[in-house]
C-alpha cells in the first residue's frame with residue numbers, strides 16, 4: 001500500500017492555491033486577506049486557512065467560528081478556477097504510477113492535507129485521478145498525524161484486506177510526511193521536489209530520500225524489502 005501526498009510530491013500548482021485562497025477569502029470577507037508568513041508545506045488546509053484568517057486580523061475565536069465556511073469558499077473557488085495549465089506534473093510521476101498500477105498486489109492511495117474535493121480536482125486536472133483509490137484528507141482532520149490511520153482503515157474496508165501501518169509506505173516531500181508515517185508505524189519515502197532542502201529532509205531520517213521520482217528503482221527496492229519483512233514476521 002502506497003499513500004501519496006499531492007502538492008510537492010506529485011504536482012506543483014506554482015502558487016495558484018495560495019493566490020486562490022487570498023482572492024476567494026478577500027472577496028468573501030470583504031477585506032484584504034494575506035497569506036504572507038503562513039507556512040503551507042505539508043500542512044492541512046484547515047490548519048493553513050485558520051492561520052490565514054488569524055494573520056488577516058481576525059481574533060482566534062472568530063477565525064475558528066468562520067473556518068468551516070472559509071473551507072467551503074476556498075474549495076468552490078479552487079474547483080471553479082484551477083485548470084491543467086496551472087499545474088506541473090513532477091518528474092517521473094506518470095511513469096511511476098503507470099508501472100505501479102500494473103502491480104496486482106499494490107494499492108495506491110492518498111494522504112494529503114488537501115480537502116477531498118480539491119485533492120481529486122487537482123489530480124483530475126493533472127490527468128492522475130484514475131490511479132488512486134481511497135485515502136485521507138485535510139477535511140478529515142486538521143492534524144496530519146491522524147490521517148494515515150484513517151486512510152488505512154478506509155482501504156481495509158474498500159479491499160477487505162487487513163492492512164496495518166506496517167503495510168504502508170507514505171510518499172511525501174516534507175518533514176510532516178515523515179512524522180505522520182512514524183506516527184502510523186509506516187515506512188516513508190520523501191522527495192526533494194517540495195519546499196524543503198535535502199539536508200532538512202535527511203535530518204528527519206526517512207527510510208528513503210530521493211531527488212524526485214524519475215528513478216523508481218530505490219522505491220521498488222523499499223517495497224520489496226517491506227514485503228519480505230512482513231513475510232518473515
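The values are calculated or read from the model by the stated rules, or taken from the named source; none is laboratory data. Keep in mind the model is a prediction, meaning the values are calculated, not measured. Note that we place each Cβ from the backbone using ideal geometry, even for glycine, and neighbour counts take in every protein chain shown.
Computed quantities for the displayed model
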{"quantity": "Tally, over the stretch 103-126, of residues that are at pLDDT 95 or above and surrounded by fewer than 15 Cβ atoms within 10 Å (Cβ to Cβ)", "calculated": "1"}
{"quantity": "In the stretch 112-135, the residues that are under 20 Å from residue 50 (Cβ atoms), within 12 Å of the chain's Cα centre (by Cα) and touching a residue at least 40 places away in the same chain (Cβ under 8 Å)", "calculated": "112, 113, 114, 115, 118, 119"}
{"quantity": "Of all residues in the stretch 174-190 being in contact with a strand residue (DSSP E or B) (Cβ under 6 Å, 6 or more places away or on another chain) and free of Cβ contacts under 8 Å to residues at least 24 places away in the same chain, the one that is surrounded by the fewest Cβ atoms within 10 Å (Cβ to Cβ)", "calculated": "188"}
{"quantity": "Odd one out for residue 206 among (1) out of contact with any strand residue (DSSP E or B) (no Cβ under 6 Å at 6 or more places or on another chain); (2) in a loop (DSSP other than H, G, I, E, B); (3) more than 19 Å from residue 143 (Cα to Cα); (4) touching a residue at least 12 places away in the same chain (Cβ under 8 Å)", "calculated": "(1)"}
{"quantity": "Check on residue 42, assigned to a loop (DSSP other than H, G, I, E, B), in contact (Cβ under 8 Å) with a residue 24 or more places away in the chain and not assigned by TED's automatic domain parsing to the domain that holds residue 214", "calculated": "yes"}
{"quantity": "Matching option when the condition is closer than 30 Å to residue 105 by Cβ and at pLDDT 95 or above, among 10, 50, 66, 71", "calculated": "10"}
